[in-house]
Every structure is written in structure tokens, then in C-alpha cells.
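Colleague: This is the structure, below, for whatever I ask next.
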Amino acid sequence: MFQAHSQIICTIFGLHIYFYGVILAIAIIIGTFVSEHISATFFKYPKDTVIDLAPYLVVFGIIGARLYYCLLNYDFYMRFPTEILAIRHGGISIHGAILGGFIGLIIYAKRHKLSILRLCDVTSIGLVLAQAIGRWGNFFNSEAFGLPTDLPWKLYIAPQYRPIPYNDYEFFHPTFLYESVLNLLIFIVLFLVIKFNKSKKDGNIALLYLVLYSLARIIVENLRIDSVMYIHGIPIAIIVSVCIIILALAILIIRNLPRKEV
């Protein structure tokens, strides 16, 4: 059984230090250095290329993650626009982070005359590892959990964090853990593809990441009960993931079809 006892690590000069923020920072640092190592080892990039790229990814990623979440909660943030900047109150989205980070990557690549697709490959593997680590922030926040369950690895959720329809339940699926494990498996797959040089073309690793992560998200999202938006009863995260899979798979297949010699 899992149970988070506190969201706060400590308080310094009246400022609360949260597990969530610390874990996200650790995830970003580890993901950055893993991508840096892979970029130098397998892609032969100059030293510190990813380190220099990281601020673009982080800043644009956070902006994208926040704006995407606010867009999904449009009604609330139209009534309370000052809350858009109150990121400490929670509310970010991985799909928005991916889109925002991609924009930052394009800007960096253009400024330094580097391949956008190749940088996407390099950063994808660090990103999915960072996601695997970052999901544990949801554990300490008692969020991103799933339907009620009585499985041995059940997650206890305190009454104040339970959705109203589930007030009478104590234990839920630890979907944060499921996604963390799936992301770790995706990291291993991508690393092996890179190590054994199976990607063939620049951009294939990033496309494979999009397909695999979207599949993982669909699996997990079917168990979650905290989706921020539904369309005809389907969580928006599933709809977006399906669209990403279709688009990424189509691009992956088309660009890797054998070319006929004329």
C-alpha cells in the first residue's frame, strides 16, 4: 500500500518547499544530463550542447504546460485571470510542455544552425526519463490517481483529496506509478534503439517516443478519474494521444518506406 504523508518537505523563512517542485527539478536535471551524455556519445554533438539547450526547453516547456492547462480550464481562468500566473497553485500539462519545449528547441536550433530533427531525437530520451521521475511528484500531491481498487499496491488517498463521487473509498489505483513504470520502459526501448543504431533517420526516435508515450498515456488515462476536460465522455488526453499516434505513425511509416529506384 502507498500513502503520501505530506506535500511539504520543509519551510524556509516562511516559504514552503514542496516535494512536487523538488522532484520536478531533479527530473529535469537528470533528463538533461542523460540527453547530454547520449548527444555526445551517440550523436557526436559538441560538449554542453544539451546543457545550453536546456533553458530553452525548460522555459518554453513550463509556459506551454501552463497555457495548455489554462486553455483546458478556460471558464475558470476567464473568471480569475490572475490565477494564470499562480503556477504554485498547481496546473500543468505534459502535452503543453512537449509543444512548448518543441518551440524552444526550434528557436535554439535555428540560432545555432543545428538539425531540429536530430535535437528532437536527443532530447526525447531525456524527456521520457524525466517524465518517469516527475510522476512521483503526483504521489506526494495525492493527485493523478485512478479508480478505486483493493489491489496489494493500492494507494491511500486522504478524504480531502478524493473526488466527491468517491468520498466513501479509501484506496485507488496508483496511476502515477503505472505511468512512471511505462515511461521507464519507453526510455529503455529508445536507448536500445539508439545504442544499436536502429533509428535509421533523424527524427525517428522522437516519432517513436510520441507513439509509445501516447499509447502509455491512453492505457493510464482509462483508469484515471481526474481528467480536466472531456469531449463526449472521452478524456481530452486520450483524444490528443490518439491524434498524436495517428500523425506520428503516418509520418514514421511514410518517411521510412523504401524508395524505388528510377
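Quick note: the coordinates plus some simple rules give every number you see, no bench work behind them. Just so it is clear, the model here is predicted, and its values are computed rather than measured. We place every Cβ from the backbone using ideal geometry, glycine too, and count neighbours over all the protein chains shown.
Colleague: Express in whole angstrom the spacing between the alpha-carbon centres of the stretch 13-48 and the stretch 143-178.
Modeller: Each part reduced to its Cα centre gives a spacing of 30 Å.
Colleague: Measure off 7 Å from each Cα along the Cα-to-Cβ vector at Asp48 and Ser227, then give the distance between these two points in nanometres to one decimal.
Modeller: 4.6
Colleague: Quick one: net charge of Pro159's neighbours, Cβ under 13 Å, K/R +1, D/E -1?
Modeller: Its environment carries a net charge of -1.
Colleague: Can you give the relative contact order of the stretch 1-58 as a percent, counting alpha carbon pairs under 8 Å and 6+ residues apart?
Modeller: 20
Colleague: Where Lys and Arg each count +1 and Asp and Glu each count -1, what net charge lies around Asp226 among other residues with Cβ under 15 Å from its Cβ?
Modeller: Residues close to Asp226 contribute a combined charge of +1.
Colleague: Which residues' amide hydrogens lie under 5 Å from the amide hydrogen of Phe2, considering only partners 5 or more residues apart or on another chain, with H built in the peptide plane?
Modeller: So Phe2 has HN proximity to Lys154, Leu155, Tyr156.
Colleague: Show me 47-59, 157-169, 123-135 ranked by packing, highest mean number of other Cβ atoms within 10 Å first.
Modeller: Averaged packing, sorted descending, gives the order 123-135, 47-59, 157-169.
Colleague: Give, as a single signed number, the net charge of other residues whose beta carbon lies under 9 Å from the beta carbon of Asn256, with Lys and Arg counted +1 and Asp and Glu -1.
Modeller: +3
Colleague: State which entries of Lys47/Lys110; Lys44/Lys198; Lys113/Lys198 exceed 21 angstrom in Cα-Cα distance in the structure shown.
Modeller: Lys113/Lys198
Colleague: Another one. Could you work out the equivalent-ellipsoid semi-axes for the stretch 119-207, taking the square root of 5 times each eigenvalue of the Cα gyration tensor, largest first, in whole Å?
Modeller: They are 35, 12, 9 Å, listed largest first.
Colleague: Then there's this: Taking 22 Å as R0, compute the FRET efficiency from the Cβ-Cβ separation of Ile26 and Ile253 and round it to 0.05.
Modeller: The calculated FRET efficiency here is 0.05.
Colleague: Now for a separate question. At 37 °C and a viscosity of 0.692 mPa s, what translational diffusion coefficient does Stokes-Einstein give for the stretch 191-262, taking Rh as the Kirkwood radius over Cα pairs? Give it in µm²/s as a whole number.
Modeller: The estimated diffusion coefficient comes to 236 µm²/s.
Colleague: Largest first, please: the extent of the C-alpha atoms of the stretch 62-183 along each principal axis, to the nearest Å.
Modeller: Per principal axis, max minus min of the Cα coordinates gives 57, 39, 18 Å.
Colleague: State the Kirkwood hydrodynamic radius of the chain in Å, one decimal place, computed from all pairs of distinct Cα atoms.
Modeller: 19.7
Colleague: While we're on this one: Taking Cα pairs under 8 Å and at least six residues apart, what relative contact order does the chain come out at, in percent?
Modeller: Answer for the chain is 20 percent.
Colleague: Mean separation of Cα pairs under 8 Å and 6+ residues apart, divided by the residue count of the stretch 15-171: what relative contact order is that in percent?
Modeller: Once divided by the residue count of the stretch 15-171, the mean separation gives 31 percent.
Colleague: To one decimal place, what orientation-averaged projected area in nm² is obtained for the convex hull of the Cα set of the stretch 1-81?
Modeller: One quarter of the hull surface, i.e. the mean projection, equals 9.4 nm².
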